[in-house]
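Worksheet: the structure to be examined is printed underneath.
The values are calculated or read from the model by the stated rules, or taken from the named source; none is laboratory data. Just so it is clear, the model here is predicted, and its values are computed rather than measured. Here the Cβ is made from the backbone with ideal geometry for all residues, glycine too, and neighbour counts use every protein chain on show.
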Amino acid sequence: MAMEAAAPHNPAEPTPSANSVELTVTSPEQMRELGRRLAKLLRAGDLVLLSGELGAGKTTLTRGLGEGLGVRGAVTSPTFVIARVHPSLGDGPPLVHVDAYRLSGGLDEMEDLDLDVSLPESVIVVEWGEGKVEELTEDRLQVVIHRAVGDTTDEVRRVTVTGLGGRWAAADLTVLSA
Ligand SMILES: Nc1ncnc2c1ncn2[C@@H]1O[C@H](COP(=O)(O)OP(=O)(O)OP(=O)(O)O)[C@@H](O)[C@H]1O
Ligand SMILES: [Mg+2]
């Protein structure tokens, strides 16, 4: 049987394994709801990287994620700790919430945190992790939150969710905007 030759990749297009949706979120409550929806797509071993300026809504999104995963403890800004583990209240994976803002050494430093949890068996959400934790896995969900308006009192956010790697290639991210 003849094999079809793979089409050459056009560099102007996103990488073939990238899968992306863009959403508009108009309130903190909607951001939480987005987190709850995102939770339904996640399973043990998944890595979510959150980026966006100070006060963009990364922790607010993570709060909804924690609710959706059904984990113990309120998700707050981990100001004094680099990472916090929220165990599942049921039989789901724990949520490991990392604030990498003050993490300079990348993955090694993450492993040195000695979190009392197995990272491959957890859902890991990292704020400020770009350039620091990508080496954990090629498969990751990148969430970029932008203020739609420069004004810091405005509640409208543009959110881009991009799934990278085989794990996310066929995932239906449109469920996030339903
Ligand atoms: N659409 C929105 N989504 C999320 N938060 C919003 C929105 N509109 C206003 N807010 C407000 O913006 C703030 C977001 O704070 P949050 O701690 O979630 O941001 P952050 O990105 O985690 O910041 P930091 O970089 O300091 O960690 C909250 O006070 C929230 O009420
Ligand atoms: Mg935060």
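Can you find a residue that is over 19 Å from VAL133 (Cβ atoms), aliphatic (A, V, I, L, M) and within 9 Å of ligand 1 (Cβ to nearest atom) anywhere in region 60-79?
No, every residue in region 60-79 fails to be over 19 Å from VAL133 (Cβ atoms), aliphatic (A, V, I, L, M) and within 9 Å of ligand 1 (Cβ to nearest atom).
Can you give me the number of residues within region 125-154 that are out of contact with any helix residue (DSSP H, G or I) (no Cβ under 7 Å at 6 or more places or on another chain), closer than 20 Å to LEU65 by Cβ, charged (D, E, K, R) and within 16 Å of ligand 1 (Cβ to nearest atom)?
Number satisfying all stated conditions: 1.
Across region 126-163, which residue is nearest to the chain's Cα centre (by Cα) among those that are of a type in the set (A, V, I, L, M), surrounded by 21 or more Cβ atoms within 10 Å (Cβ to Cβ) and modelled with pLDDT under 95?
Here the residue is VAL126.
Just one of LEU38, LEU50, LEU89, LEU54 is loosely packed, with under 12 Cβ neighbours inside 10 Å and modelled with pLDDT of 95 or more; which is it?
LEU89
Out of VAL159, VAL143, which single residue is within 23 Å of HIS86 (Cα to Cα), touching a residue at least 12 places away in the same chain (Cβ under 8 Å) and hydrophobic (A, V, I, L, M, F, W, C)?
Result: VAL143 is the single residue among VAL159, VAL143 that is within 23 Å of HIS86 (Cα to Cα), touching a residue at least 12 places away in the same chain (Cβ under 8 Å) and hydrophobic (A, V, I, L, M, F, W, C).
Are any residues in region 34-59 in contact (Cβ under 8 Å) with a residue 60 or more places away in the chain, within 14 Å of ligand 1 (Cβ to nearest atom) and part of a loop (DSSP other than H, G, I, E, B), and if so, which ones?
GLY52, GLU53, GLY55, ALA56, GLY57
I need the full set of residues from region 48-64 which are touching a helix residue (DSSP H, G or I) at 6+ places or on another chain (Cβ under 7 Å) and more than 11 Å from ligand 2 (Cβ to nearest atom), in order please.
Listed by number, the list holds a single entry, GLY64.
Quick one: would you say LEU103 is without any contact (Cβ under 8 Å) to a residue 60 or more places away in the chain and closer than 19 Å to GLY131 by Cβ?
Values: without any contact (Cβ under 8 Å) to a residue 60 or more places away in the chain: yes; closer than 19 Å to GLY131 by Cβ: yes.
Against the criterion (without any contact (Cβ under 8 Å) to a residue 60 or more places away in the chain and closer than 19 Å to GLY131 by Cβ), LEU103 qualifies.
Identify, by number, the condition in (1) at pLDDT 95 or above; (2) within 11 Å of ligand 2 (Cβ to nearest atom) that GLU67 doesn't meet.
(2)
Mind listing whichever residues of region 64-73 are part of a helix (DSSP H, G or I) and crowded, with 21+ Cβ neighbours inside 10 Å? First the steps, then the outcome.
Initially, region 64-73 is screened for residues part of a helix (DSSP H, G or I), giving 64-69.
Matches in region 64-73: GLY64, LEU65, GLY66, GLY68, LEU69.
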